[in-house]
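Asker: One structure is given below, represented as structure tokens, and several questions about it will come after.
The values are calculated or read from the model by the stated rules, or taken from the named source; none is laboratory data. A quick note: this is a predicted structure, and the numbers were derived from the prediction, not measured. Reconstructed Cβ throughout: ideal geometry from the backbone, glycine too, with neighbour counts over all protein chains shown. Note: areas computed on protein heavy atoms with side chains; ligands, DNA, RNA excluded. Shrake-Rupley method; radii C 1.70, N 1.55, O 1.52, S 1.80 Å.
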Amino acid sequence: MTDEMLRAPAEVKYAEELDWLESIDDGPKPFSWRLSPRMVRLFVLGSERSDGLDREIAQKWFGDRSFVERAIVTLASDRGLLLIGDPGTGKSWLAELLAAAISRNSTLVVQGTAGTTEDHIKYSWNVSMVIAKGQSRESMIPSPIMTAMEQGVIGRFEELTRSTSDVQDALISILSEKYVSIPELDDDNIVFAQPGFSIIATANSRDRGVNDLSSALKRRFNFVRIPVVTNKKSEAEIVRFRTTELLRRHNIDLELPPTLLDILLQSFADLRAAAASAQSDDGKLESALSTAEQIGVLEDAILHSNFFGDRTLKAETLAGSLVGSLARRSPEDLAILNKYWHGVIEPRSKKDGGDWQGFLEGGRQAIATLS
């Protein structure tokens, strides 16, 4: 089934693993949860030898165990969960994994934008049915959030701070009263949330000031802040995990040389340090330099090597992908990258040689082409 989807949701992708965990799970389960909190954590973070399982469960989200545990505890209460952090820190992926493990359905999602309306989190109407038969529960189109309420499962709200204050205010009554009124109907005009219902929302910390959350809404969420991964070992695991998935999905037989992964990780670490010490925004790349962007750079380089190269990932291709992905403003970003290439990459290539020399030349060519 997963072969017929461009991107299978977590509950489909890991269906066999979830079935197995459910079959051996004898722990207490809150509400209508499919797995106990301990098994949810195990599904997300992977198994260890001390767990004593008959099979290994792969780690799917790489981060501090305490963040996952606090998120699970929050969902076992009657409060909503807000995952907040910089772009590319894995907030949405964690939300999807949690919803898949708890409810076996991670697709009840509302995407927050400037165009999101109250209808998107409550309900709308099938106009043709309303004209033919009038307003009724049959002619009502429930939102993903209302569907989650009726089924007693997890609903998700992506980029909460991107939506307007009217939409955010509509969430307050849902999170506090746990029901939605339908004033258009005379009978059967209240949808009550079933046990197990909760909301996982995500928010980009860089969107502060776009549509700040009200104090009333903040009180109804437990905040879990997801930091940028700066540990090289953890970041390497994330990039390797995602890259392996990419290669499998595209049926690409291409080796990721460890030296090139080290170069990619080191380059991002250098650029982050330079951004942290910059005196103004003009001295910083527009990119957040997140782990997700590293994966994007590597994905671009792998696909280019597979389709237009000799199916071997080379340092020159990786450098071109990095420059092309991070040079979003011209001339500001190009000037920053050019300074980095001359001040850091060039001395390093002379000192260490190897793939750093190819990385130097590939970056130079890419910067010259874009300048």
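Asker: Order of 9-16, 45-52 by packing, highest average Cβ count within 10 Å first? Write down the numbers at each step before the final one.
Answerer: Values: 9-16: 17.5, 45-52: 11.9.
The peptides rank, most packed first, as 9-16, 45-52.
Asker: Assign unit charges at the C-beta atoms only (+1 for Lys and Arg, -1 for Asp and Glu), then state the dipole size of region 232-370 relative to its Cα centre in Debye, rounded to the nearest 20. Don't jump to the answer; show the numbers that get you there.
Answerer: Numbers: 17 positive and 21 negative charges, 32 e Å.
My answer is approximately 160 debye.
Asker: How tilted is helix 232-249 with respect to the longest principal axis of the chain? Cα atoms for both, answer in degrees (0 to 90, nearest 10).
Answerer: With rounding to tens, the tilt is 80 degrees.
Asker: With θ set to phi - 60° and the Karplus curve 6.51 cos²θ - 1.76 cosθ + 1.60, what are the ³J(HN,Hα) couplings of region 150-155 in order, to the nearest whole Hz, using x for Gly and Pro?
Answerer: Working through the residues one at a time gives 5, 8, x, 10, 8, x Hz.
Asker: Using the Cα centre as the reference, give the magnitude of the dipole from point charges on the C-beta atoms of region 261-317 (Lys, Arg: +1; Asp, Glu: -1; all else neutral), rounded to the nearest 20 debye. Display every interim value, and only then the final one.
Answerer: Working: 4 positive and 10 negative charges, 27 e Å.
The calculation lands at about 140 debye.
Asker: With n ≥ 4 as the cut-off for DSSP H runs, can you work out [θ] at 222 nm for the chain, using -39500 (n - 2.57) per run divided by the number of residues, rounded to the nearest 500? Write down the numbers at each step before the final one.
Answerer: Numbers: 16 runs with 179 residues, N = 371.
Rounded to the nearest 500, it is -14500 deg cm²/dmol.
Asker: In Å and on Cα atoms, what radius of gyration and Dmax does the chain show?
Answerer: Cα radius of gyration and Dmax of the chain are 23.6, 79 Å respectively.
Asker: Can you give the accessible area per residue of the chain, in Å², using a 1.4 Å probe?
Answerer: Working: 18270 Å² over 371 residues.
Averaged over the residues of the chain, the accessible area is 49 Å².
Asker: May I ask you to derive the relative contact order of the chain, considering only C-alpha pairs under 8 Å and at least 6 residues apart, and to give it as an integer percent? Display every interim value, and only then the final one.
Answerer: Numbers: 571 pairs, mean separation 56.6, N = 371.
RCO, the chain: 15 percent.
Asker: Under a point-charge model restricted to the Cβ atoms of Lys and Arg (+1) and Asp and Glu (-1), what is the dipole moment magnitude of the chain relative to its Cα centre, in debye to the nearest 20? Don't skip to the end; give the middle numbers.
Answerer: Working: 43 positive and 54 negative charges, 180 e Å.
Dipole size: approximately 860 debye.
Asker: Now for a different question. Report, ordered by chain and residue number, the aspartates and glutamates lying within cross-link reach of residue 133, taken as a straight Cα distance under 19 Å and ignoring same-chain residues fewer than 8 apart.
Answerer: 184, 186, 187, 188
Asker: Leaving out ligands, DNA and RNA, and with a 1.4 Å probe, what % of the accessible surface on the chain is carbon or sulfur?
Answerer: Numbers: 8880 of 18270 Å².
Result for the chain: 49 percent of the exposed heavy-atom area is carbon or sulfur.
Asker: Would you mind classifying region 284-369 by shape? Square roots of the alpha carbon gyration tensor eigenvalues, ordered a ≥ b ≥ c; an a/c under 1.5 is rounded, otherwise it is prolate if a/b is larger than b/c and oblate if not.
Answerer: Taking the square roots of the gyration eigenvalues as a ≥ b ≥ c, region 284-369 is oblate.
Asker: Could you order the peptides 93-106, 328-341 from most to least packed, using the average number of other C-beta atoms within 10 Å per residue? Don't jump to the answer; show the numbers that get you there.
Answerer: On the way: 93-106: 24.4, 328-341: 16.6.
Listed from highest to lowest mean packing, they are 93-106, 328-341.
Asker: Can you flag which of 314/351; 122/284; 29/122; 13/218 are past 31 Å Cα-Cα?
Answerer: Working: 314/351 20 Å; 122/284 41 Å; 29/122 28 Å; 13/218 33 Å.
From the list (314/351; 122/284; 29/122; 13/218), the Cα-Cα distance tops 31 Å for 122/284; 13/218.
Asker: Indicate, rounded to the nearest 5 percent, the antiparallel portion of the DSSP beta bridges found entirely in the chain.
Answerer: On the way: 6 of 24 bridges.
Antiparallel bridges: around 25 percent, rounded to the nearest 5.
Asker: How would you classify region 217-361 from its alpha-carbon gyration tensor, with a ≥ b ≥ c the square roots of the eigenvalues: rounded for a/c under 1.5, else prolate if a/b is greater than b/c, otherwise oblate?
Answerer: Working: a/c = 1.84, a/b = 1.14, b/c = 1.61.
Oblate.
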